[in-house]
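Heads up: the structure comes next, in structure tokens.
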Amino acid sequence: MPHSSFSGSLTTPKVDVAIDTGNAFFNHTIDGFLKIGAVAATRAAAEEAYDAAKRGSISRHNFEHTLKKMCKEGAYWGTVAGIYVGMEYGVERVRGTRDWKNATIGGALTGAITGALISAAGHNNKDKVVVDAITGAAIATAAEFLNYLT
């Protein structure tokens, strides 16, 4: 039976933007904001491009809607990521060790902070803050464990 194989390596492009504020905590926070914000904005653009392709046309209104959605999604996810990265870094500095527990605590703090902000803005109940903290901790811990597997 014929056999073929693929030999080579696949690498992802790496884009690094270095902003030095003179404070490591702020550097980490800004880096997380920019990287995840860019990913979220790109995802929103891809989603809107798909919708435009399905419609077969794009109007000025659709284009403006796409730009607004990209900015909103980029700012929202960038803010959450910036808070998470900053919290995880801060926990690492306070604890003096680098392990999965930093991700859990950082995720819980991020979930609580963002949950509190969203609940305050939306006048939701306070239980949502606890649920968001648990969700943030679970997601961050799972991501950290997956990171160790690869």
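The values are calculated or read from the model by the stated rules, or taken from the named source; none is laboratory data. Given the structure is predicted, the values throughout are model-derived calculations rather than measurements. Because the Cβ atoms are built from the backbone with ideal geometry, glycine has one as well, and the counts that use them run over all protein chains shown.
Assorted remarks:
- Some residue of the stretch 55-71 being among the acidic types (D, E) and under 21 Å from T135 (Cα atoms): no
- Checking V91 against (1) β-branched (V, I, T); (2) assigned by TED's automatic domain parsing to the domain that holds T29; (3) buried (at least 21 other Cβ atoms within 10 Å of the Cβ), the condition it does not meet: (3)
- Criterion (part of a loop (DSSP other than H, G, I, E, B), touching a residue at least 12 places away in the same chain (Cβ under 8 Å) and of a type in the set (V, I, T)) met by exactly one of I83, I19, I58: I19
- Screening I113 against (1) out of contact with any Ser or Thr (no Cβ under 9 Å at 6 or more places or on another chain); (2) surrounded by fewer than 18 Cβ atoms within 10 Å (Cβ to Cβ); (3) over 21 Å from I19 (Cα atoms) leaves a single unmet condition, (2).
- Pair list, Cβ under 7 Å, 6 or more apart: the stretch 25-38 residue under 9 Å from V85 (Cβ atoms), other residue among the aromatic types (F, W, Y): H28/Y89; G32/Y84; I36/W77
- Pairs with Cβ under 6 Å, 6+ apart, first in the stretch 136-150 and assigned by TED's automatic domain parsing to the domain that holds I118 and without any contact (Cβ under 8 Å) to a residue 60 or more places away in the chain, second in a helix (DSSP H, G or I) and aromatic (F, W, Y): E144/W100
- Given (1) under 16 Å from Y84 (Cα atoms); (2) over 15 Å from the mean Cα position of the chain (by Cα), number of the condition G106 does not satisfy: (2)
- Considering only residues in the stretch 84-130 that are among the β-branched types (V, I, T) and touching a Gly at 6+ places or on another chain (Cβ under 6 Å), the one that is modelled with the lowest pLDDT turns out to be V129.
- Sole residue being aliphatic (A, V, I, L, M) and either surrounded by 16 or more Cβ atoms within 10 Å (Cβ to Cβ) or within 16 Å of T141 (Cβ to Cβ) (or both), chosen from A41, A49: A41
- Test for E92: is it under 20 Å from A143 (Cβ atoms) and more than 18 Å from the chain's Cα centre (by Cα): yes
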